[in-house]
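Colleague: Can you read through this structure? Questions will come right after.
The values are calculated or read from the model by the stated rules, or taken from the named source; none is laboratory data. From a predicted model like this one, the values you see are computed outputs, not experimental measurements. Every residue, glycine among them, receives a Cβ derived from its backbone with ideal geometry; neighbour counts consider all protein chains shown.
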Amino acid sequence: MNDGKGPRGGRSVLVLTVAALTGAVCGLAGAAVQASAAPPPSRTAADAADDAFFTPPNPLPPGAPGDVIRARPAKAGPPGARALADAWEVMYLSTDAHGKPNAVTGMVLVPRKGDRAAAPIVGFGPGTHGPAYRCAPSRMIDDGAFYEQPAVNDMLARGWAVAVTDYEGYHPDPETTYVVGRSTGPALIDAVRAAQRLPEAGLSADAKVAFRGYSQGGGAAMWAGELQPSYAPGLNLVGVVGGGVPADLALVSLALNGGVGFGFLMNALIGLDNAYGLGLDGVLNENGRAVFGAMRKNDCAIELFADYQGRSVADYFTRSPLADAAWQRAYGVNKLGGSTITVPVFQYHVTRDELVDHQQAATLRSTYCSKGVKLTWKTFDAGHLTGVHLGNADALAFLTDRVAGKDAATNC
């Protein structure tokens, strides 16, 4: 039976798709995966709705971006991660796409070994998690279901603290701002400042700081790098790592329409509408309103990938938002490359990227190089999901050198 989302192909196809996605994002591509594999566990929607921790206070308390509103102990991930680090879920003040105060949640993870006051801090921008509240990255970490946990564990094992942002809008009535750099960049910066201001963490206000992420997280890391000199000049920033970066949302969107990643385009339209009030519901047809409404409440990354492949704007809209002037303005103000990044950058991308167009990322590399950014660029012959883990070793090596104060090379 087809529910209007797209080709479903029966449970066996869906399970295999989920297994392939889960294996790829966990760095297990190529390994044998049981056909009966299930998606990673997550808290149910009912559990999430009862959790007042994630509901922003109204009105917001006074304070500066990065100030902690509330915090509570959490699990750093599965047992291996818990052995490495202590963790806290946090809510902190940040800034939305209009420059106004908002409240954002996330996770602070601090190594159990070593001198916390001397620990560097990596602001980690998660990749796509989906628009539903149950998908919040910090909840996935606490549930032991975070698909980028291997990268986090590698950093914790090196004695680095990790500040993970959920980005704006993960609360019981979700209003997520997926790939809106003007929102995700401040959210990532302020996750680091919240980690520094969380008394239980014991981290230093003078700690060396880096930003890192892949896909949506790669975009957030680059936005954090561009915004930091004016938004958070007091941070001791030493490096930025961005992989699979969606630098030009218009070009990324055009490439997704009608392809395997159309669900990610739908998520991006929801994010832009939440950030800028672009009237998404007004351009949806009847089927679109039903499907988008359900997506906002229920869908995480696995559903985005598995349920909407091959669909297009024409299936859900009365007119295309891709060419509308208001939407184009939103794409434009969230295009990377308008400012420089003052610290060394490692940017990488897969050459067979089916979700985030490779050429627009290569253009960003050229733009940064023309602005004098000390940038290292690397490509991998792979697809987007495999790229989640392919850049980990290079990212770690790059950040290790930055933390050690070594000079950075560039291949601009």
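Matching residues to (1) touching a residue at least 40 places away in the same chain (Cβ under 8 Å); (2) of a type in the set (Ser, Thr, Tyr); (3) over 21 Å from residue 239 (Cβ atoms):
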| position | (1), (2), (3) |
| --- | --- |
| 330 | yes, no, yes |
| 354 | yes, no, yes |
| 381 | no, no, yes |
| 399 | yes, no, no |
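Condition check ((1) out of contact with any Leu (no Cβ under 9 Å at 6 or more places or on another chain); (2) more than 24 Å from residue 193 (Cβ to Cβ); (3) without any contact (Cβ under 8 Å) to a residue 24 or more places away in the chain) across all residues:
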position	(1), (2), (3)
115	yes, no, yes
118	yes, no, no
124	no, no, no
135	yes, yes, no
146	yes, no, no
151	no, no, no
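Colleague: Name the pairs: first residue in region 187-205 and farther than 15 Å from residue 73 by Cα, second residue of a type in the set (D, E, K, R) and buried (at least 24 other Cβ atoms within 10 Å of the Cβ), Cβ to Cβ under 8 Å, at least 6 apart or on different chains?
Modeller: 187/166; 187/168
Colleague: Return the residues of region 289-342 that are under 21 Å from the mean Cα position of the chain (by Cα), buried (at least 19 other Cβ atoms within 10 Å of the Cβ) and among the aliphatic types (A, V, I, L, M); say none if nothing qualifies.
Modeller: 295, 301, 302, 304, 306, 330, 336, 341, listed by residue number.
A quick yes/no check of all residues on (1) farther than 26 Å from residue 180 by Cα; (2) among the β-branched types (Val, Ile, Thr); (3) modelled with pLDDT under 95; (4) in contact with a Pro (Cβ under 6 Å, 6 or more places away or on another chain):
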position: 60; (1), (2), (3), (4): no, no, no, yes
position: 63; (1), (2), (3), (4): no, no, no, no
position: 66; (1), (2), (3), (4): no, no, no, no
position: 78; (1), (2), (3), (4): yes, no, no, no
position: 91; (1), (2), (3), (4): no, no, no, no
position: 110; (1), (2), (3), (4): yes, yes, no, no
position: 127; (1), (2), (3), (4): no, no, no, no
position: 145; (1), (2), (3), (4): no, no, no, yes
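Colleague: Residues of region 229-260 being within 22 Å of residue 382 (Cβ to Cβ), part of a helix (DSSP H, G or I) and at pLDDT 95 or above, which ones?
Modeller: 251, 252, 256
Colleague: Further question: Residues of region 266-288 being more than 11 Å from residue 131 (Cα to Cα), surrounded by 15 or more Cβ atoms within 10 Å (Cβ to Cβ) and touching a residue at least 40 places away in the same chain (Cβ under 8 Å), which ones?
Modeller: The answer is 272, 275, 276, 278, 280, 283.
Colleague: Shifting gears a bit: Test residue 203 against the stated conditions and say whether it is in a loop (DSSP other than H, G, I, E, B) and touching a strand residue (DSSP E or B) at 6+ places or on another chain (Cβ under 9 Å).
Modeller: Here the answer is yes, as residue 203 does meet what is asked.
Colleague: Looking at this structure, is residue 83 touching a residue at least 24 places away in the same chain (Cβ under 8 Å), under 25 Å from residue 114 (Cα atoms) and surrounded by fewer than 15 Cβ atoms within 10 Å (Cβ to Cβ)?
Modeller: Here the answer is yes, as residue 83 does meet what is asked.
Colleague: Next question, about the same structure. Considering region 125-163 alone, what residues qualify as being closer than 16 Å to residue 54 by Cα, assigned to a loop (DSSP other than H, G, I, E, B) and among the aliphatic types (A, V, I, L, M)?
Modeller: 132, 136
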